[in-house]
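Enquirer: Quick one: this structure, given as structure tokens, is what I'll be asking you about.
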Amino acid sequence: MAEAKIIARNLTKRYGTYTAVEGLNLTVHAGEIFGLLGPNGAGKTTSIEMMEGIRRPDAGTCTICGFDSITQSAGVRERIGLTLQAASMPETARVSELLELYASLYPNPARPGDLLQQFNLVEKARSTAKSLSGGQRQRLSLALALVGRPEVLFLDEPTTGLDPQARHSLWDVIRGLKAEGRAVIMSTHYMEEAEKLCDRVAIMDHGKILAEGTPRELVREFGPEAAIEIDVTGFPVNMAEIAQLSAVTGVQTEDHLLVLRTANTAASLMAFAGYAQANHIPLGELRTRSATMEDVFMALTGRRLRD
Amino acid sequence: MRTLNNLKLMTLHEFRAIMRNKIAFFFNLAIPVVLVVIFGSMWGNGESGSDVLDFMMAGQLVYMLLSAGLMTVAIALASQRQNGSLRHLFTTPLSMGVWFGAQMLANIAMATLQIVVIFVVGHLLFGVHAPLNIPATAVVLFISSLACLSMGLAIGALVKSAEAAFPISMILFFSIAMFGNVMMPIDGAPPFILAVQKWMPSYFMTEALGKVMMRGEGLLNAAGEVSMLLGLMVVCGSVAIWRIRKQMTVA
């Protein structure tokens, strides 16, 4: 097992009677991407800020590379890099100036020129921060986070607002950080991002971690059922009868699709094929899918993440 | 060595930010120059006039320093707090000392530029005379500049939002300028206004400049005013640092 870089124990933050984060425990190792997944207001940003040492917890502790986030913040700040949610930076400063300024703040910084190349910002080196596109701002934000060669990276919703192409490009960069042995903790409210990018994921809601594990473990434990989706537009179906078919554990309609939850895809498929033939329902559009993180979130919280 | 490099780049960063702020440029440099041109055209100076412009230079200089400190710094700091860029900077190993030092150096650089520009314009166009005691004038101007900076930092650190910073700093700027003999002499004002005037930072600045710049007196003769400005700088600077440290490090 690689070295533990972030160790959070019982982190709690309250605002009056409202508890933003309650008893957060997690450990992130070198060379690992850890995702905090949850809807807006779940407590992801507060959790990350407590770990970074910029928000004081009401209870609990966090160590980063062996340094206490609050009492040894100077040691922590030399070892972390972070992006804030809004990718905030001085608007009139030029890209190259910002990289040089941030590089001057660290004992062993990366070369700004190398970062410009790595993040495909060479042509924008003389542009001001306010003239950059959303994707370029995020890349600059990540470059600034990396300029101090940090052992630990905190990325707060790094791909929010990006188009799919920019998002996938940023995923490649984050995978590269993992390959370099850095510990990365990121918050996201994108299921796909958590599933494809993160080695381990903690699902948060109402300030608590509801479940934690690899995406595969979470799906296996909390979303074991596969689903069969059939387009039955224009054909009457009897939901009660379908619910009785072999291995079917639940039936619902989503948009114009009939969705069968099943413990045995093959058995349910065979059974539904028989039902369709008997009731003259064509099987024009039919597909099966395994459970996803979306299903896991639904199972744990009783609602969809986008709700 | 690293700290010095930090300080150099941070100062450059702050100075560039001031210079690239078009509104600040207008208030800090363009308006004072225009005023010198207007007053110079109206009354002239030196042999052809009545040294009016020499007399008004102290007020113009204080106006510029107040504008740079109260308006530019306060609004910029409040904006940086609001958009998170200041917080982002303080998540790096940047120390409060380097940040504050850079603010001071950038402000002094800006003040130097303002002073040189206004004297050069005044001298070339209207024959404005150099200060009678140049070293003492420089000291008074730099201390005044730092006092204005500290007031601006305190306002920028205390206001709730960038939107609130603009009217607050504007009201303070005009109040301090108006009641402190910067915009016009208020010698004939009611007694309570004259009493208020004696506590205005701009009053200490114009009084001290009057002594060293116009009358050529030594710095010791302006020690009272300079001490008040230093005290103001320490108090406002401490409030600003306390508030920013509280907001930026651990909330």
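The values are calculated or read from the model by the stated rules, or taken from the named source; none is laboratory data. Being a predicted model, the structure only gives us computed values, none of them experimental. Methodologically, a virtual Cβ is constructed for each residue, glycine included, from the backbone with ideal geometry; neighbour enumeration extends over all protein chains shown. What goes into the accessible areas is simple: the full protein's heavy atoms, side chains included, and nothing from ligands, DNA or RNA. Shrake-Rupley method; radii C 1.70, N 1.55, O 1.52, S 1.80 Å.
Enquirer: For the stretch A:4-220, rounded, prolate or oblate, judged on the Cα gyration tensor with a ≥ b ≥ c (square roots of eigenvalues), a/c < 1.5 rounded, else prolate if a/b > b/c?
Expert: Note, shape of the stretch A:4-220 comes out prolate.
Enquirer: I would also like to ask the following. Given an 8 Å cut-off on Cα distances and at least 6 residues of separation, report the relative contact order of chain A as a percent.
Expert: On the way: 598 pairs, mean separation 59.7, N = 307.
About 19 percent, as a whole number.
Enquirer: Between B:Met1 and A:Lys208, what is the label-point separation in nm under the 7 Å Cα-to-beta-carbon projection?
Expert: Computed distance between label sites A:Lys208 and B:Met1 equals 5.5 nm.
Enquirer: In degrees between 0 and 90, to the nearest 10, how far off the longest principal axis of chain A does helix A:134-146 point, with axes built from Cα atoms?
Expert: Taking the Cα atoms of chain A, the angle to A:134-146 is about 50 degrees.
Enquirer: Further question: What's the whole-number percent of alpha carbon pairs in the stretch A:172-291 lying beyond 18 angstrom?
Expert: Above the 18 Å cut-off, the stretch A:172-291 has 61 percent of its Cα pairs.
Enquirer: Can I ask one more? Heavy atoms of the protein only, probe of 1.4 Å, neighbouring chains included. What is the accessible area of A:His280 in Å², nearest 10?
Expert: Surface accessible to solvent at A:His280 totals approximately 150 Å².
Enquirer: I've got another one for you. So, for chain B, what is the accessible surface per residue at a probe of 1.4 Å, expressed in square angstrom? Write out the running numbers ahead of the final one.
Expert: Values: 10900 Å² over 251 residues.
Normalised by residue count, the accessible surface of chain B is 43 Å².
Enquirer: Follow-up. Determine the shielding of peptide A:90-103 by partner chains: average, over its residues, the number of Cβ atoms on other chains within 10 angstrom of each Cβ.
Expert: Across A:90-103, the average partner-chain Cβ count within 10 Å equals 4.
Enquirer: Moving on to the next point. Once neighbouring chains are kept in place and the probe is 1.4 Å, which whole percent of the accessible area of chain A is contributed by carbon and sulfur?
Expert: Details: 6490 of 13410 Å².
Carbon plus sulfur share of accessible area: 48 percent.
Enquirer: Sort out for me the Cα centre separation of the stretch A:188-260 from the stretch B:106-143, rounded to whole Å.
Expert: 73
Enquirer: Now, a different point. Is any residue of the stretch A:240-264 close enough, with backbone N under 17 Å, to a label point placed 7 angstrom from the Cα of A:Leu283 along the Cα-Cβ axis, and if so, which?
Expert: Once the point is set 7 Å along Cα→Cβ of A:Leu283, A:242-243, A:245-248, A:258-264 turn out to lie under 17 Å by backbone N, inside the stretch A:240-264.
Enquirer: Using Cα atoms only, what is the angle between the long axis of helix A:265-278 and the major principal axis of chain A, expressed in degrees (0 to 90) to the nearest 10?
Expert: 40
Enquirer: Ok, one more. Over the stretch A:31-113, what portion of Cα pair distances is larger than 22 Å, expressed as a whole percent?
Expert: That tail contains 40 percent of the Cα-Cα pairs.
Enquirer: Follow-up. Could you work out, residue by residue across B:201-211, how many beta carbons of other chains sit within 10 Å of that residue's beta carbon, and then give the average as an integer? Before the final figure, lay out the partial values.
Expert: Values: counts 0, 0, 0, 0, 0, 0, 0, 0, 0, 0, 0.
The mean count of partner-chain Cβ atoms within 10 Å per residue comes to 0.
Enquirer: What total accessible surface area, summed over both chains, is buried at the interface between chains A and B, computed with a 1.4 Å probe and given in Å² to the nearest 100? Present the calculation step by step, with values, prior to reporting the outcome.
Expert: Numbers: alone 14610 and 12180 Å², together 24310 Å².
So the buried area, both faces added, is about 2500 Å².
Enquirer: Would you please report the Å³ per residue occupied by the convex hull of the alpha carbon atoms in the protein assembly as shown? Intermediate values should be presented prior to the final figure.
Expert: Values: hull volume 115.4 nm³, N = 558.
Expressed per residue, the convex hull around the Cα atoms of the protein assembly as shown is 207 Å³.
Enquirer: How large is Rg over Rh for the stretch A:58-155, taking Rg from the Cα atoms and Rh as the Kirkwood inverse mean of 1/r across Cα pairs?
Expert: The Rg/Rh ratio comes out at 1.02.
Enquirer: Another one. List the lysines whose Cα sits under 19 Å from the Cα of A:Lys130, skipping any in the same chain fewer than 8 residues away.
Expert: B:Lys22
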